[in-house]
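J.: Next up is a structure, given as structure tokens.
Read-outs throughout are calculated quantities, based only on the coordinates presented, and are distinct from any laboratory measurement. Bear in mind the structure is a predicted one, so any value in this text is a computation, not a measurement. Virtual Cβ from ideal backbone geometry, glycine too; neighbours counted across all protein chains shown.
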Amino acid sequence: MAENKIPVGILGATGSVGQKFIALLTDHPWFEITEVAASERSAGKKYKDAVNWILSTPLPDKIANMVVKNCKPDLNCKIAFSGLDSGIAGEVETEFANAGYYVVSNSKNHRMDNNVPLLVPEINAEHLDIIKTQPYKGCIVTNPNCSTIGMVLALKPLADAFGLEAVNVVTLQALSGAGYPGVSSLDIIDNVVPFISGEEGKMESEPLKILGKFDGKEIKYTEVKISAQCNRVAAVDGHLECVQVKLKKKTTIAEIKKVWNEFAGEPQKLNLPLAPEKTLYYFEEDKYPQPRIHRNIDKGMAVAIGRLREDPLFDFKFVVLSHNTVRGAAGGAILCAELLKAKEYIK
Ligand SMILES: NC(=O)c1ccc[n+]([C@@H]2O[C@H](COP(=O)([O-])OP(=O)(O)OC[C@H]3O[C@@H](n4cnc5c(N)ncnc54)[C@H](OP(=O)(O)O)[C@@H]3O)[C@@H](O)[C@H]2O)c1
């Protein structure tokens, strides 16, 4: 292993998110993959024989020949990135945190635990301090749901500058959000499925924690009414969301574009390796943003926004797009781990 790099393991390494972790961590300047783990179906096999590699970037040789381990807390790594199925993630992540690992998770299980940060490094880096109140030898840090993250990044500058009163969102979510193999082709080709189990509840509750204030002891949730309707569409990657907002203070389209344009947070200040140069990109063209065109901007870590206009029911409406397996999952989790290291929580 390269000197000074932190050894990291991937739990759920064979899945849709696990593969993205591998692609994004290969050649990472601070972290090196030393372990890949998945279910009993995969354990004991070489990674290349256990995985159905669905990414367009080639599977790195070093990883291809690694033996997949069971998700037991005896792995040779310090950070455990979790892309585990939520049926098993809660229990496994607790075991790893108890054993002293720094767990950074994409799964829903621990997101709303009182002592677990639901972290978006540009928004609530100060929430990280709550890990000091966790009972574990290690810790658990979570990343929000893939559809929450794009919306909440667009909302944060509005909340700070004008105050948020109410939000309505309708999503058009990509297939990779359902994992692999995900939705059957006969269900989605020539179709839209107007239901994603559990998704609307997550979009309505997670932003309240993320935008909440940490007072040194607990996270006090913000009070905003959010209504979400979630749909699965036949894009491969990239969740598109039509958002309406009611604001506490009167403002203008020009002012909103200005606060989006100036938005930056800790990842940019600390120059974290996976931080996008700019987190929010506003597009003036009426037909933008679009999943195929904008999901990869700034390494897939940025959020594309467009179509800002006044709204007769709320105050304003706009469209947001973010890459669900990069910013909304593996990339977002790696950015959280970079923040943990940069703020010296990882010893
Ligand atoms: N896809 C997204 O856009 C996205 C975004 C944000 C969050 N998430 C969350 O991230 C997690 C992973 O999602 P995904 O889309 O990557 O799912 P996925 O493609 O279905 O992959 C699931 C992974 O979990 C492993 N696994 C399943 N059962 C297991 C068990 N009993 N013990 C140990 N490992 C087990 C699988 O290993 P085998 O291959 O061996 O079965 C596989 O590596 C989920 O909790 C999901 O909700 C996904």
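J.: Please express the Cα-Cα pair-distance distribution P(r) of the range 173-278 as a list of whole percents, one per 5 Å bin, running from 0 to the bin with the greatest distance.
T.: The percentages, shortest bin first, are 2, 9, 12, 14, 17, 19, 14, 8, 4, 1, 0.
J.: About the Cα centre, and with charges only on the beta carbon of Lys, Arg (+1) and Asp, Glu (-1), how big is the dipole of the range 97-158? Nearest 20 debye, please.
T.: Rounded to the nearest 20 debye, it is 140 debye.
J.: Using 0.36 nm per residue of separation minus the Cα-Cα distance, give me the extension gain between ASN76 and VAL259 in nm, one decimal.
T.: Full-extension gain reported as 61.5 nm.
J.: Which of LYS213/LYS343; LYS48/LYS202; LYS20/LYS69; LYS220/LYS317; LYS209/LYS250 have a Cα-Cα distance over 22 Å?
T.: LYS48/LYS202; LYS220/LYS317; LYS209/LYS250
J.: Now for a separate question. By the gyration tensor of its Cα atoms, with a ≥ b ≥ c the square roots of the eigenvalues, what is the shape of the range 260-323: rounded for a/c under 1.5, prolate for a/b over b/c, or oblate? Write out the running numbers ahead of the final one.
T.: On the way: a/c = 3.07, a/b = 1.63, b/c = 1.88.
Oblate is the answer for the range 260-323, as a/c is 1.5 or above yet b/c matches or exceeds a/b.
J.: Is the C-alpha gyration tensor of the range 120-214 telling us rounded, prolate or oblate? Criteria: a/c under 1.5 is rounded; beyond that, a/b larger than b/c is prolate, otherwise oblate.
T.: Since a/c reaches 1.5 but b/c is at least a/b, the shape of the range 120-214 is classed as oblate.
J.: Still on this structure, I have one more. Pull up the DSSP beta bridges for the range 280-347 and report the antiparallel fraction as a percent, rounded to 5.
T.: Bridges in the range 280-347 are about 55 percent antiparallel.
J.: Then there's this: Would you kindly calculate the translational diffusion coefficient of the range 16-58, applying Stokes-Einstein with the Kirkwood radius from alpha carbon pairs, for 37 °C and a viscosity of 0.692 mPa s, and quote it in µm² s⁻¹ without decimals?
T.: Values: Rh = 11.5 Å.
It comes out at roughly 287 µm²/s.
J.: Report Rg(Cα)/(2.2 N^0.38 Å) for the chain, keeping two decimals.
T.: Computed over Cα atoms of the chain, the ratio equals 0.95.
J.: Right, something else. Given H placed 1.01 Å from N in the peptide plane, which residues other than close sequence neighbours of GLU277 have an amide H under 5 Å from its amide H?
T.: Result for GLU277 returns nothing.
J.: A further question on this structure: Which value, in Å³ per residue, describes the convex hull spanned by the Cα atoms of the range 192-240?
T.: 95
J.: Here's a follow-up. Treat each spin label as a single point 7 Å out from the Cα along the C-beta direction, and report the LYS287 to VAL236 distance in nm.
T.: 2.1
J.: Here is a further query. How big is the convex hull of the Cα atoms of the range 95-160, per residue, in Å³?
T.: Spread over its residues, the Cα hull of the range 95-160 gives 82 Å³ apiece.
J.: Among GLY216, ILE188, VAL152, which residue has its Cα positioned farthest towards the positive end of the charge dipole of the range 149-225, with +1 placed on the Cβ of Lys and Arg, -1 on the Cβ of Asp and Glu, and the dipole taken about the Cα centre?
T.: The one lying farthest along the dipole's positive direction is GLY216.
J.: Could you state the number of Å between the C-alpha centres of the range 85-149 and the range 300-345?
T.: Their Cα centres are 18 Å away from one another.
J.: Let me ask another. Amide H neighbours of LEU119 under 5 Å, counting only residues 5+ apart in sequence or on other chains, H built in-plane at 1.01 Å?
T.: Residues meeting the criterion, in which the H sits 1.01 Å from N, are THR142, ASN143.
J.: With a 10 Å Cβ neighbour count serving as the proxy for reagent exposure, in which order, fewest first, do TYR101, TYR345, TYR281 appear?
T.: Lowest to highest Cβ neighbour count: TYR345, TYR281, TYR101.
J.: How long are the semi-axes of the equivalent ellipsoid of the range 60-178, taking √(5λ) for every eigenvalue λ of the Cα gyration tensor, in whole Å from largest down?
T.: Values for the range 60-178, descending: 29, 19, 12 Å.
J.: Compare the peptides 226-236, 319-329, 55-65 by average per-residue count of other Cβ atoms within 10 angstrom and give them in order, highest first.
T.: 319-329, 226-236, 55-65
J.: Still on this structure, I have one more. Using +1 on the beta carbon of Lys and Arg, -1 on that of Asp and Glu, and nothing else charged, what's the dipole of the chain about the Cα centre, debye to 20?
T.: Dipole size: approximately 240 debye.
J.: I want the antiparallel fraction of DSSP beta bridges within the chain, as a percent rounded to 5.
T.: Of those bridges, close to 40 percent are antiparallel.
J.: Exceeding 18 Å between C-alpha atoms, which entries from my cross-link table qualify? They are LYS258/LYS278; LYS78/LYS137; LYS156/LYS299; LYS5/LYS299.
T.: LYS156/LYS299; LYS5/LYS299
J.: Test of understanding: ordering GLU122, GLU204, GLU40 by Cβ neighbours within 10 Å, fewest first, what list do you get?
T.: So the ranking, lowest neighbour count to highest, is GLU40, GLU204, GLU122.
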